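Undergrad: Dumping the structure here so I can ask a few things about it.
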Amino acid sequence: MYKVVLPSMTNLVIDIGNTRTKVAVFEDDNMIDFCAEELVTLPFLKDFFTKYPIDNSIISSVSFGKREISNFLEKKSNFIEFDASTYTGLKIDYETPYTLGKDRIAAAIGALEIVPDSNLLVIDIGSCITFDLVTQDSTFHGGNIAPGFYMRIKAMHDYTAKLPIVKQRIPTGFIGKNTKDAVLFGAYWGIVYEIDSFIRRMQQEYPDIKVILTGGDTPYFENSIKQCTFAVSNLVLVGLNKVISSIVNS
């Protein structure tokens, strides 16, 4: 009996967020290249096609209007523009699926790829913080959105007369002894205890729930969120790559 070995696929995965664009190259399920840039440009993407034999490409974007990039990807690869209806392996139990952030959907798909058949709380800590419930029957139930780390610091500066902008970092203490530390500690520990409280509330309904942290600010918080099961900073990219695999192999 012979085992059929499918040829490997090389996928270009693009996640355009509020502040950064993340780009990764996957060979099947293995990420072989990654970078993050403030803006995505055509020359930037062309470099990947020079370095790798890209078969498939996909974009998830909070706000994407550069048609020349989509046209380029369509010419050079099997191109998928991701939205709420692209992937059929995740049921969307949400009243307005077409207003749902594509990154939230992709993160849910990525979470199920990493921890299948489980009840999951996916917490994405980026410009905003999203809390999303995904149950073991592969259903996305929705969640909450709250201000992110820098957004809290910036809001305190913008909406007061004297509070300063401070640099994001992990606090060295709990009680601020000066105004800069008071702003930093308030933003940071407010997020930590908000997340901890949300996890405890979800555990009342789903005692076996697993918690996955993701997003660009995950490194600031992963050691402070004690009930975190996994920390995967590029969960959205993993989810987008799964979407490609499911479509190409269907």
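The values are calculated or read from the model by the stated rules, or taken from the named source; none is laboratory data. Every value quoted in this text rests on a predicted model; they were computed, and no experiment measured them. Note that each Cβ is placed from the backbone with ideal geometry, even for glycine, and that neighbours are counted across all protein chains shown.
Undergrad: Take the conditions on the phi > 0 side of the Ramachandran plot, surrounded by 15 or more Cβ atoms within 10 Å (Cβ to Cβ) and within 17 Å of the chain's Cα centre (by Cα) and apply them to G142. Does it pass?
TA: In short, yes.
Undergrad: What is the number of the single condition among (1) out of contact with any strand residue (DSSP E or B) (no Cβ under 6 Å at 6 or more places or on another chain); (2) within 23 Å of L39 (Cβ to Cβ) that I109 does not meet?
TA: Every condition holds for I109 apart from (2).
Undergrad: Looking at region 24-50, I want the residues that are surrounded by 14 or more Cβ atoms within 10 Å (Cβ to Cβ) and have a partner that is of a type in the set (K, R) and at pLDDT below 90 with Cβ atoms under 8 Å, at least 6 apart or on another chain. Which pairs are those?
TA: Close Cβ pairs (under 8 Å, with a partner that is of a type in the set (K, R) and at pLDDT below 90) amount to A36/R20; V40/K66.
Undergrad: Of these, F198, F185, which one is aromatic (F, W, Y), assigned to a helix (DSSP H, G or I) and more than 21 Å from the chain's Cα centre (by Cα)?
TA: Every option except F185 fails the conditions.
Undergrad: Quick test of your reading of the structure: G216 fulfils all but one of (1) of a type outside the set (K, R); (2) in contact (Cβ under 8 Å) with a residue 12 or more places away in the chain; (3) over 30 Å from L12 (Cα atoms). Name the failing condition by number.
TA: (3)
Undergrad: Can I ask one more? Could you list, in sequence order, all residues of region 145-180 that are farther than 30 Å from I212 by Cβ and either in contact with a strand residue (DSSP E or B) (Cβ under 7 Å, 6 or more places away or on another chain) or buried (at least 16 other Cβ atoms within 10 Å of the Cβ) (or both)?
TA: Result: L163, single match.
Undergrad: Hey, can you tell me all the residues within region 82-99 that are within 26 Å of L42 (Cα to Cα) and in contact with a Leu (Cβ under 9 Å, 6 or more places away or on another chain)?
TA: Correct list: F82, A84.
Undergrad: Show the residue pairs meeting these rules: Cβ distance below 8 Å; 6+ apart or different chains; first residue within region 175-198 and modelled with pLDDT of 95 or more; second residue buried (at least 16 other Cβ atoms within 10 Å of the Cβ) and basic (K, R).
TA: G186/R152; A187/R152; G190/R152; I191/R152
Undergrad: Find the residue count for region 202-243, including only residues that are under 14 Å from A108 (Cβ atoms), out of contact with any Phe, Trp or Tyr (no Cβ under 9 Å at 6 or more places or on another chain) and of a type in the set (K, R).
TA: Adding up the residues that qualify gives 0.
Undergrad: Moving to a separate point now. If you scan region 153-166, which residues turn out to be free of Cβ contacts under 8 Å to residues at least 12 places away in the same chain and within 19 Å of F221 (Cβ to Cβ)?
TA: K154, A155
Undergrad: Related question: Need the failing condition index for P219 against (1) at pLDDT below 95; (2) over 30 Å from F79 (Cβ atoms); (3) part of a loop (DSSP other than H, G, I, E, B), just the number.
TA: Against the list (1) at pLDDT below 95; (2) over 30 Å from F79 (Cβ atoms); (3) part of a loop (DSSP other than H, G, I, E, B), P219 comes up short only on (3).
Undergrad: Say whether the condition of being under 13 Å from the mean Cα position of the chain (by Cα), of a type in the set (D, E), within 30 Å of T10 (Cα to Cα) and part of a strand (DSSP E or B) is met by at least one residue in region 126-137.
TA: yes
Undergrad: Another one. Being farther than 19 Å from N249 by Cα, at pLDDT 90 or above and of a type outside the set (V, I, T) is the filter here; which residues of region 75-100 pass it?
TA: If the condition is that a residue be farther than 19 Å from N249 by Cα, at pLDDT 90 or above and of a type outside the set (V, I, T), then K75, K76, K91, D93, Y94, E95, L100 are the ones that fit.
Undergrad: Quick test of your reading of the structure: K102 fulfils all but one of (1) basic (K, R); (2) closer than 26 Å to S8 by Cα; (3) crowded, with 17+ Cβ neighbours inside 10 Å. Name the failing condition by number.
TA: (2)
Undergrad: Can I ask one more? Restricting to region 219-238, and then to whatever is crowded, with 19+ Cβ neighbours inside 10 Å and out of contact with any Leu (no Cβ under 9 Å at 6 or more places or on another chain), can you tell me which residue is farthest from F82 (Cα to Cα)?
TA: N234
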